[in-house]
Amino acid sequence: MLEKILLFFGNTTINFLKSDIVKLKSKLSKLKNIVRKWQQHYYSFLQKLYHYIFAKPNTLQDYVKRGSVYISKQFLLKLFLSFCVVLFLMTQYVYPFLRGKLWPAEIIVNTNDFYEFTGKAKVFQKDGNLLYLGKLEKGKAQGQGEVYQNNNMVYKGELSDNQYCGIGTLYQQGRKVYEGEFLNNQYHGTGVLYHKNENIKFSGTFENGYQKEGVSYFENGKVQYKGSYENGRYTGEGTLYASGSDNVVLYQGTFSQNTYEGKGRLYQKGQLLYDGNFSKGLYYGEGVLYDSKKGKILYQGSFLNGAYHGTGKLYNSNTDRLIYEGNFEEGKKSGLGTLYHENGSKLYTGSFYNDDIDYKQFLKSNLDEIRQAFGRETELIMLENSIVTIYDSLNVCFIFDFSQYNESPALRSIQFFGTQNIDGIQNGMTFYDAKQKIKQYEQKENNFEMVEQQQIYAAVCNKQINIDYVIECSAEESMIKLYGQKQSGIVCCYEIGRSTS
């Protein structure tokens, strides 16, 4: 039974296979016929093509009529084949060879084509904005080129390895910023900087992006500075000019980091103001200060931080005469010195304090010692209980007690009628302010007629005044008296001396 079943299935399978083989043979036969037909068409086409190319046209079928003109099909075919050959050569060889030579190649940045390209190129961002126009070597800008940002040119000139290098022009928002030499994207060599109004800002040499030597200008075109720089700041020898002026010199000398440093000359409205040494922009060391309006010397000597300090000489700019020579401290006469009269004679030689004669040192002196220091008095007044010596040039008088046993009269007090400043007290200030300056003193007010005091005031000041008010201030062994009129409340003169209590 099993054998019959197997035999049945075997015969059935063989029959199916035979049927499939017959069908396959039929399909292959049809395919063979199709191929044969295509071969016939192909050979026929080649024969016609050969005829059109090589055989002479001898029938009207070998021509194409266009109006009254007959054109050989052979000519048209040769023309077409020639065009195809030329097109092939152009696309495969000529165009790649000329691309970037006769015209810039359009390239997208950071692509394989970009990194491999050498020649003229237009480099774009992916969004289509132009980045660069010029020569590339393996994706790096070399030689002449133009750099763009947001389709606006920011640089035009020579480049090397994607950096500004050589001669070029830098732009900002369409205006010229710099024109000259570059090295590694920095100003280096000869160049010109421009203001926003396109006037020249600086013309000269640069080093590593900073000015080195040249001339800078204000926006109005006037010269601002001529000289040396370091890291973009005035350093070394140079001349600074006043703003908005026509070559009016402000300073001439040495600089350090934009400040006056070392030897130099300072001017005011074109006239010499100071000639000497500077430190951090201030007068320092030896120098001469001038009255810039008159061109006369005001001071000659030592300075410290812009003020008279050390030894020096003061002059009257009207007469050119010496008025003081000696020591100074923080701009004030201090220490030993000599004061001179306008006629050139000596007024006083001795100690100074707080820009004036140290009058307090004489409170225990006598008449002879006062005359030795100040010279002969201008006038001597004998009062009922005292002797008064007046020095008109100093606006001061000395009051002495009568002496006994032929001794030189002893000094009782000194009165001041000028600009002297003793313990903060000055003539012309209010009684209230004066009392605030000497709070430590015991103060007592008096209202009475002071005939002797009015006589002294008239002798020194050459005018009359009704002094009716005095404040007496005493502390330990010293005293201060303030004289004036109660109604006005102004101190017209004051006195220092030994306490009488």
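Quick one: count up the residues across the stretch 281-303 that are open to solvent by 60 Å² or more (accessible area, probe 1.4 Å) and modelled with pLDDT of 95 or more. Steps first, please.
Going residue by residue through the stretch 281-303, those that are open to solvent by 60 Å² or more (accessible area, probe 1.4 Å) are 282, 284, 286, 293-294, 296, 300.
Subsequent filtering for residues that are modelled with pLDDT of 95 or more retains 282, 284, 286, 300.
Looking only at that region, the number is 4.
Considering only residues of the stretch 237-256 that are on the phi > 0 side of the Ramachandran plot and modelled with pLDDT under 95, which is least open to solvent (accessible area, probe 1.4 Å)?
G244
Check every one of the strands (runs of 3 or more DSSP E) wholly within the stretch 188-239 and list those with 2 or more residues that are in contact (Cβ under 8 Å) with a residue 12 or more places away in the chain, touching a Phe, Trp or Tyr at 6+ places or on another chain (Cβ under 8 Å) and polar (S, T, N, Q). Even if it seems obvious, please write down each step before you answer.
Working: elements: 200-207, 210-217, 223-230.
Passing ranges, in order: 210-217, 223-230.
Out of all the residues in the stretch 338-368, which are open to solvent by 40 Å² or more (accessible area, probe 1.4 Å) and of a type in the set (G, A, S)?
Selection gives S345 alone.
Mind listing just one residue for me: the one in the stretch 146-204 that is of a type in the set (D, E, K, R) and closer than 15 Å to Y132 by Cβ and, of those, surrounded by the fewest Cβ atoms within 10 Å (Cβ to Cβ)? First the steps, then the outcome.
Initial filter on the stretch 146-204 (of a type in the set (D, E, K, R)): 146, 156, 158, 161, 175-176, 179, 181, 196, 198, 201.
With the extra rule that they be closer than 15 Å to Y132 by Cβ, the set shrinks to 146, 156, 158, 161.
Numbers: E146: 20, K156: 20, E158: 19, D161: 10.
This residue is D161.
Have a look at S351, S413, S393 and point out the one that is farther than 28 Å from A307 by Cα and touching a Leu at 6+ places or on another chain (Cβ under 9 Å). Step through it out loud before you land on a result.
Values: S351 fails: farther than 28 Å from A307 by Cα; S393 fails: farther than 28 Å from A307 by Cα.
Every option except S413 fails the conditions.
Scan the stretch 264-280 for residues that are surrounded by 16 or more Cβ atoms within 10 Å (Cβ to Cβ) and either of a type in the set (K, R) or free of Cβ contacts under 8 Å to residues at least 12 places away in the same chain (or both) and jot them down.
Of the stretch 264-280, the ones surrounded by 16 or more Cβ atoms within 10 Å (Cβ to Cβ) are 264-267, 272-279.
Within the stretch 264-280, just R265 meets the criteria.
May I ask you to list the residues in the stretch 306-317 that are surrounded by fewer than 18 Cβ atoms within 10 Å (Cβ to Cβ), within 36 Å of the chain's Cα centre (by Cα) and in contact (Cβ under 8 Å) with a residue 24 or more places away in the chain?
Within the stretch 306-317, G306, A307 meet the criteria.
Report whether or not I390 is in contact with a helix residue (DSSP H, G or I) (Cβ under 6 Å, 6 or more places away or on another chain), open to solvent by less than 10 Å² (accessible area, probe 1.4 Å), farther than 26 Å from D433 by Cα and aliphatic (A, V, I, L, M). Steps first, answer last, please.
On the way: in contact with a helix residue (DSSP H, G or I) (Cβ under 6 Å, 6 or more places away or on another chain): yes; open to solvent by less than 10 Å² (accessible area, probe 1.4 Å): yes; farther than 26 Å from D433 by Cα: yes; aliphatic (A, V, I, L, M): yes.
Against the criterion (in contact with a helix residue (DSSP H, G or I) (Cβ under 6 Å, 6 or more places away or on another chain), open to solvent by less than 10 Å² (accessible area, probe 1.4 Å), farther than 26 Å from D433 by Cα and aliphatic (A, V, I, L, M)), I390 qualifies.
Out of everything in the stretch 427-464 that is among the aliphatic types (A, V, I, L, M) and open to solvent by less than 40 Å² (accessible area, probe 1.4 Å), what residue ends up being modelled with the highest pLDDT? Give the steps one after another, and end with the answer.
Looking only at the stretch 427-464, we keep the residues that are among the aliphatic types (A, V, I, L, M), and these are 429, 434, 438, 450-451, 456, 458-460.
Next, from what is left, pick out any that are open to solvent by less than 40 Å² (accessible area, probe 1.4 Å): 429, 434, 438, 450, 456, 458-460.
Values: M429: 93, A434: 89, I438: 82, M450: 75, I456: 85, A458: 85, A459: 83, V460: 84.
The qualifying residue modelled with the highest pLDDT is M429.
Scan the stretch 456-463 and tell me whether some residue there is touching a residue at least 24 places away in the same chain (Cβ under 8 Å) and either polar (S, T, N, Q) or over 26 Å from L339 (Cα atoms) (or both).
No, there is no match, as no residue in the stretch 456-463 is touching a residue at least 24 places away in the same chain (Cβ under 8 Å) and either polar (S, T, N, Q) or over 26 Å from L339 (Cα atoms) (or both).
Kindly indicate which of S474, S408, S403 is touching a strand residue (DSSP E or B) at 6+ places or on another chain (Cβ under 6 Å) and part of a loop (DSSP other than H, G, I, E, B). Outline the logic, then answer.
Details: S474 fails: part of a loop (DSSP other than H, G, I, E, B); S403 fails: touching a strand residue (DSSP E or B) at 6+ places or on another chain (Cβ under 6 Å).
That would be S408, the only listed residue that is touching a strand residue (DSSP E or B) at 6+ places or on another chain (Cβ under 6 Å) and part of a loop (DSSP other than H, G, I, E, B).
Among the candidates L336, L347, which residue alone is more than 37 Å from the chain's Cα centre (by Cα), within 23 Å of I399 (Cα to Cα) and among the aliphatic types (A, V, I, L, M)? It would help to see each step written out before you state the result.
Values: L336 fails: within 23 Å of I399 (Cα to Cα).
Answer to the selection: L347.
Within 58 Å of the chain's Cα centre (by Cα) and in a helix (DSSP H, G or I), is that true of K439? Before the answer, list the steps.
On the way: within 58 Å of the chain's Cα centre (by Cα): yes; in a helix (DSSP H, G or I): no.
So K439 fails the test.
Could you list, in sequence order, all residues of the stretch 477-498 that are open to solvent by 30 Å² or more (accessible area, probe 1.4 Å) and either in contact (Cβ under 8 Å) with a residue 24 or more places away in the chain or in a strand (DSSP E or B) (or both)? Write out each step before concluding.
Going residue by residue through the stretch 477-498, those that are open to solvent by 30 Å² or more (accessible area, probe 1.4 Å) are 477-478, 481, 485-488, 490, 498.
Of everything in the stretch 477-498, those that are open to solvent by 30 Å² or more (accessible area, probe 1.4 Å) and either in contact (Cβ under 8 Å) with a residue 24 or more places away in the chain or in a strand (DSSP E or B) (or both) turn out to be S478, K481, Q485, K486, I490, R498.
Name the one entry in Y155, Y132 that is assigned to a strand (DSSP E or B) and under 26 Å from the mean Cα position of the chain (by Cα). Reasoning before the result, please.
Values: Y132 fails: under 26 Å from the mean Cα position of the chain (by Cα).
Testing whether each residue is assigned to a strand (DSSP E or B) and under 26 Å from the mean Cα position of the chain (by Cα) leaves just Y155.
The values are calculated or read from the model by the stated rules, or taken from the named source; none is laboratory data. These figures come from a predicted structure and were not determined experimentally. As a convention, Cβ positions derive from the backbone with ideal geometry for all residues, glycine included, and neighbour counts pool all protein chains shown. We work out accessible area using only protein heavy atoms, side chains counted, and drop any ligands, DNA or RNA first. Shrake-Rupley method; radii C 1.70, N 1.55, O 1.52, S 1.80 Å.
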